[in-house]
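Dropping the structure in here first, questions after.
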Amino acid sequence: MPAPTRTVVTGYPSTMGDDVQLNTTTLIRHAARTHGDREIVYRLPDGGWGRYTYADAYDRIVRGANALAGLGAGPATRVGILDWNSRRHYELYWAIPGLGSVMVQLNLRLGPEDLSFVVADSGTSIVCVDETLLPVAEAVAPMLPDVTAWVVLTDKPLDQISTTLPNVHHYEDLVAAAAPRIDWPEIDERSAYGACYTTGTTGRPKGVYYSHRAICLHSFSLATNIGMTLDDCTMLITPMFHGQAWGLPQAATLTANKIVLPGRYTAEDTRPLTDALIAEDVTVTNGAPAIFGPMLDYIRSLEDKPDLGRLRMMSGATEPPLSLMRGFAELTGAEIVHAYGATETTPLVTMNRYKPGVRARLSGDDLLELKRKQGLPATLVDVRLVDAAGEDVPHDGVAQGEICVRGPWITTRYHNMADADDRFTGGWWRSGDVGTIDPDGYLKVTDRLKDVIKSGGEWISSIDMENLLAGHPAVAQAAVVGLPHPKWQERPFVLIVPTPGHEVTLADLHAHLSSAFASWQLPESFITVSEIPRTSVGKCDKKTIRTTWAGHYGGTDD
């Protein structure tokens, strides 16, 4: 892929303190110093809620850092966290990087083989694990002889904890005994503050190591793009072990928001999550449609609908259905803000907010339809679309190309993985996603390169078909993949989870899809299932679907 020429020139010297390093510690120190009385609300193990302030949290962060230093943590030490969205997890977000150590985010949904790979590949030597996740840690501990300390995160005394882990320490005991003061080091801003591993459906997880400089700049951009101010209250719904909760903990702390940490929750029971969101007057949150959908269903059951007119709900993972966006807007006034990114991008690449000119030109359903797009590039991020020959395609909203991204918080390599160099060209990360950019600059992801359906020499977007199917009243969930076909190379194949009490017919699906798809693009058949196969982070597992039903059309999968 030919990349635009990049020229760096040296101009006249400035008089600024450019040698002052951008460190994550600066954000929490400012919040505690200037907004020390600002509240942090956190879920308790018994389902109740606790409260403390930035000043209280900072005292524990200092003590926590000193406690970890006592276990050997220092510059370049990798310290893993296996926890929910808890107050201790929030404290470790600052204590670990503040020492110059690397906060390794451990995905509690990974299987033992992949999880042990992440710990070993990262060189993690200390792991902090929530009491409820001890079985996860115990399953991998025998494969990790280089982990020198396991730190249990719990409110219970250590003598009430039963575990087979070796070298066990009690976090609260360590914090209570630790010194209350610390002289934070100034860390080279290019040093890694944290790491997250991708959870793709093929190959080993790939490590991305975020620098202090990257996350500080990302925090400013994220706060600017979502419009965060001192008056906001942020709830962290996206798991803090996944892509640092999209950088929202740092952005919320930067702007001294009231923060709500919901602890452990499930998509099957979002009532406690929704009740807290309403009670605490949350104005910024993040999550996936798989969580927002059940939250909306619960709100529909309430006799008194809440006024959430200030709430911006950053939505990622999959495209939010129009019914979801319309439902929140009409019932509560909340805005679903579609965003796009990846583990490799810290993750903010684009966010869908209305440009004034667009708002003046469009209205009603046209504006809502625009919100299906992934949005406008964030400040400091460049986005290109390239075709199969590596040439840029026009931004006309029609021409499709692979999405390539470059910026100060975009990774330029994977950890310990030199054989992945084809994903990086001239400082650009090749996303593997296919998309369009319209004349107004809005990016629309149309598919994954590996998921786009190639039928008779033409492309069919599996994502667009899934999203349209999700709007059918009889369809609760849908997945679309391309399966081998003896004549057309590939044809669309559909899995449907019906809405309870509804029946689905192929004729109904064809009638529904015909509003956006030509007759030759429509699937020949579908299969009803009780659930869609999912990856460890809840995404549709299309690899499993393709493998399971590979012979459905009688084709061959070479």
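The values are calculated or read from the model by the stated rules, or taken from the named source; none is laboratory data. The shown structure was predicted, so the numbers you read here are calculated from the model rather than taken from an experiment. Cβ: placed from backbone, ideal geometry, glycine included. Neighbour counts: every protein chain shown.
For every residue, the table says whether it meets (1) within 22 Å of GLU189 (Cα to Cα); (2) among the β-branched types (Val, Ile, Thr); (3) over 23 Å from the mean Cα position of the chain (by Cα); (4) buried (at least 23 other Cβ atoms within 10 Å of the Cβ).
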{"residue": "ARG29", "(1), (2), (3), (4)": "yes, no, yes, no"}
{"residue": "SER101", "(1), (2), (3), (4)": "yes, no, no, yes"}
{"residue": "LEU108", "(1), (2), (3), (4)": "no, no, no, no"}
{"residue": "PRO112", "(1), (2), (3), (4)": "no, no, no, no"}
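Let me ask another. Where the second residue is of a type outside the set (A, V, I, L, M, F, W, C) and assigned to a helix (DSSP H, G or I) and the first is without any contact (Cβ under 8 Å) to a residue 60 or more places away in the chain and lies in the range 128-146, which pairs have Cβ atoms under 7 Å and are six or more apart or on separate chains?
CYS128/TYR171; ALA139/PRO112; VAL140/PRO112; VAL140/SER116; MET143/SER116; LEU144/SER116
Taking only the range 451-507 into account, find how many residues are among the hydroxyl-bearing types (Ser, Thr, Tyr) and within 23 Å of THR547 (Cβ to Cβ).
Filtering the range 451-507 down to residues among the hydroxyl-bearing types (Ser, Thr, Tyr) leaves 455, 461-462, 499, 505.
Next, from what is left, pick out any that are within 23 Å of THR547 (Cβ to Cβ): 455, 461-462.
Here the count works out to 3.
Looking at the range 75-87 only, could you name the residues that are more than 19 Å from VAL119 (Cα to Cα) and over 20 Å from the mean Cα position of the chain (by Cα)?
none
Here's another thing I want to ask about it. If you check SER431 against the conditions, is it out of contact with any Gly (no Cβ under 7 Å at 6 or more places or on another chain), surrounded by 15 or more Cβ atoms within 10 Å (Cβ to Cβ) and closer than 26 Å to VAL8 by Cβ?
yes
So ARG546 ticks every box in (1) modelled with pLDDT of 90 or more; (2) within 26 Å of the chain's Cα centre (by Cα) but one. Which box is left unticked?
The one condition ARG546 does not meet is (1).
Can you confirm whether VAL445 is touching an Asp or Glu at 6+ places or on another chain (Cβ under 7 Å) and either outside the structural domain of ALA479 (by TED's automatic domain parsing) or hydrophobic (A, V, I, L, M, F, W, C) (or both)? Show your work before the answer.
Numbers: touching an Asp or Glu at 6+ places or on another chain (Cβ under 7 Å): yes; either outside the structural domain of ALA479 (by TED's automatic domain parsing) or hydrophobic (A, V, I, L, M, F, W, C) (or both): yes.
Answer is yes for this residue.
Which fully enclosed strands (runs of 3 or more DSSP E) of the range 112-183 have 3 or more residues being in contact with a helix residue (DSSP H, G or I) (Cβ under 7 Å, 6 or more places away or on another chain), among the hydrophobic types (A, V, I, L, M, F, W, C) and at pLDDT 95 or above?
It comes to 124-130, 149-153.
Which residue pairs have Cβ atoms under 8 Å apart, sit 6 or more places apart or on different chains, and have a first residue in the range 169-184 that is under 18 Å from GLY74 (Cβ atoms) and a second that is charged (D, E, K, R) and surrounded by fewer than 16 Cβ atoms within 10 Å (Cβ to Cβ)?
Correct list of pairs: empty, since none qualify.
Does any residue of the range 437-452 turn out to be of a type in the set (Ser, Thr, Tyr) and crowded, with 22+ Cβ neighbours inside 10 Å?
Yes, because at least one residue in the range 437-452 is of a type in the set (Ser, Thr, Tyr) and crowded, with 22+ Cβ neighbours inside 10 Å.
How many residues are more than 33 Å from the chain's Cα centre (by Cα) and of a type in the set (Lys, Arg) when one looks only at the range 485-515?
1
Take VAL358 and tell me if it is outside the structural domain of ILE460 (by TED's automatic domain parsing) and not in a loop (DSSP other than H, G, I, E, B).
yes
In the range 1-91, which strands (runs of 3 or more DSSP E) lie fully inside it and hold 2 or more residues that are of a type in the set (Val, Ile, Thr)?
In the range 1-91, 39-43, 78-82 are the strands (runs of 3 or more DSSP E) which contain 2 or more residues that are of a type in the set (Val, Ile, Thr).
Residues of the range 1-50 being basic (Lys, Arg) and in contact (Cβ under 8 Å) with a residue 60 or more places away in the chain, which ones?
Within the range 1-50, the first condition is being basic (Lys, Arg), and the residues that meet it are 6, 29, 33, 38, 43.
The answer is ARG6, ARG29, ARG38, ARG43.
Output the residue which, of all residues in the range 448-478 that are aliphatic (A, V, I, L, M) and out of contact with any Asp or Glu (no Cβ under 8 Å at 6 or more places or on another chain), is farthest from ILE532 (Cα to Cα). Please lay out each step first, then the result.
Looking only at the range 448-478, we keep the residues that are aliphatic (A, V, I, L, M), and these are 449, 452-453, 460, 463, 465, 468-470, 474-476, 478.
Those left that are additionally out of contact with any Asp or Glu (no Cβ under 8 Å at 6 or more places or on another chain): 452, 460, 465, 468-470, 475-476.
Numbers: VAL452: 19, ILE460: 21, MET465: 15, LEU468: 17, LEU469: 14, ALA470: 13, VAL475: 12, ALA476: 10 Å.
Across the range 448-478, the extreme among qualifying residues is ILE460.
Out of VAL504, VAL529, VAL497, VAL452, report the one residue that is closer than 30 Å to TRP84 by Cα, without any contact (Cβ under 8 Å) to a residue 40 or more places away in the chain and of a type outside the set (D, E, K, R).
Numbers: VAL504 fails: closer than 30 Å to TRP84 by Cα; VAL529 fails: closer than 30 Å to TRP84 by Cα; VAL452 fails: closer than 30 Å to TRP84 by Cα.
Being closer than 30 Å to TRP84 by Cα, without any contact (Cβ under 8 Å) to a residue 40 or more places away in the chain and of a type outside the set (D, E, K, R) holds for just one of VAL504, VAL529, VAL497, VAL452, which is VAL497.
For the structure I just gave you, tell me whether ALA511 is buried (at least 16 other Cβ atoms within 10 Å of the Cβ), outside any loop (DSSP other than H, G, I, E, B) and either touching a Pro at 6+ places or on another chain (Cβ under 7 Å) or modelled with pLDDT of 90 or more (or both).
no
Residues in the range 272-291 that are over 19 Å from ASN257 (Cα atoms) and touching a Ser or Thr at 6+ places or on another chain (Cβ under 9 Å): how many?
Number satisfying all stated conditions: 4.
Hey, another quick one. Sort out for me the strands (runs of 3 or more DSSP E) sitting completely within the range 240-346 that have 3 or more residues that are farther than 24 Å from LYS539 by Cα, in contact (Cβ under 8 Å) with a residue 60 or more places away in the chain and not aromatic (Phe, Trp, Tyr).
Passing ranges, in order: 258-261.
Collect the residues in the range 134-187 that are over 17 Å from ALA95 (Cβ atoms) and among the acidic types (Asp, Glu), keeping them in residue-number order.
Residues satisfying the conditions are GLU138, ASP146, ASP155, ASP159.
Now, a different point. Among the strands (runs of 3 or more DSSP E) lying completely within the range 382-459, list those that include at least 1 residues that are polar (S, T, N, Q) and on the phi < 0 side of the Ramachandran plot.
Output list reads 428-437, 443-448, 453-455.
When you go through VAL102, VAL119 one by one, which is the residue that is touching a residue at least 60 places away in the same chain (Cβ under 8 Å) and either of a type in the set (Gly, Ala, Ser) or within 18 Å of THR198 (Cβ to Cβ) (or both)?
VAL102
Could you grab me the full set of residues in the range 370-381 that are in a loop (DSSP other than H, G, I, E, B) and more than 14 Å from THR345 (Cα to Cα)?
Answer for the range 370-381, where residues must be in a loop (DSSP other than H, G, I, E, B) and more than 14 Å from THR345 (Cα to Cα): LYS371, ARG372, LYS373, GLN374.
Within the range 128-139, how many residues are of a type in the set (A, V, I, L, M) and surrounded by fewer than 24 Cβ atoms within 10 Å (Cβ to Cβ)?
Going through the range 128-139 one residue at a time, the tally reaches 4.
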